[in-house]
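What follows is a single structure, written as structure tokens, with notes after it.
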Amino acid sequence: MKTSRLALAAALAVLSLASAHAQQRTREAVEAEAIAAAHAKDQNVTRGSRGADPFTSTADSEAMYKQAVETAHAPNQNVTRGSRGADPFTSSRDPAQVYQEAMATAAAPDQNVTSGSRVNSKVISTMQNPVLQSAQGK
């Protein structure tokens, strides 16, 4: 029991010594430290929040200049597809057949009628297409 009391007394002595050391700082010293911290340059500032870091190039400036001049004189620099007009069109179908189908569709008597446009009934055309008739008559 005496050992535990002795250990307790030693711990209290160490604790009181530490608190006495912590209290040795004066109010003026703490205030001076706070003022110095408040006036410190870039305090509490994350990197890049006050602009970019100074740039130091590792590339050869003459080579970069030559590359910039070549790029500036390139015929299709910064041009996206289609910005200078449509790409050339190459048809994969016979133009005469496409023309014939277009004329037949344009001359159809029921070309603008869908199956549900007449009171939900199916429209079946009984009229002859004049373009198809003239093509068959030739």
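No value in this document is a laboratory result; all are computed from the given coordinates. These figures come from a predicted structure and were not determined experimentally. Cβ coordinates were reconstructed from backbone atoms using ideal geometry, including for glycine residues, and neighbour counts include every protein chain displayed.
Show me the ranking of peptides 77-84, 96-103 by mean Cβ neighbours inside 10 Å, starting with the highest.
Numbers: 77-84: 8.4, 96-103: 11.4.
Averaged packing, sorted descending, gives the order 96-103, 77-84.
Relative to the present Cα-Cα distance, how much length would full extension add between Glu62 and Arg47 at 0.36 nm per residue of separation? Intermediate values should be presented prior to the final figure.
Details: separation 15, 0.36 × 15 = 5.40 nm, distance 3.10 nm.
My answer for the length gained is 2.3 nm.
Residue-wise, which Karplus ³J(HN,Hα) couplings in Hz belong to segment 84-91, taking 6.51 cos²θ - 1.76 cosθ + 1.60, θ = phi - 60°, and x for glycine or proline?
10, x, 6, 5, x, 8, 10, 7
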